[in-house]
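Below: one structure, written as structure tokens.
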Amino acid sequence: MGWLWVYQNADGGPAASIPDSATTTDFLTQSDAENYIGEAWRELLDGGVDAVSLYEGDRFVYGPMSLHPVTD
């Protein structure tokens, strides 16, 4: 069972567009998945992804987590 990011729009539904470079396959570990999102979030955001949710197989782990920078 792998770890998978689900790419979402601002309303929590599926993202209308996902960059071609986005990883849509399972990661071997939670750490691998989280490292990926830490490196790719700007490109994903620029490509139309507003938030992500993490799953381990079919089990929801957490999210949606916004990719938008926090502003004061």
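Helix 30-46 and the longest principal axis of the Cα set of the chain meet at an angle near 20°.
Over the alpha-carbon set of the chain, divide Rg by the Kirkwood Rh and report the Rg/Rh ratio to two decimals. Walk me through the numbers before you get to the answer.
On the way: Rg = 11.5 Å, Rh = 12.2 Å.
Radius of gyration relative to Kirkwood radius: 0.94.
For region 3-66, what relative contact order do you get, as a whole percent, if you take Cα pairs closer than 8 Å and at least 6 residues apart? Please list the in-between numbers first.
Working: 100 pairs, mean separation 27.9, N = 64.
It comes to 44 percent, rounded to a whole number.
Bear in mind that the values in this text are calculations on the coordinates, not laboratory data. Please read all numbers here as calculations on a predicted model, not as lab measurements.
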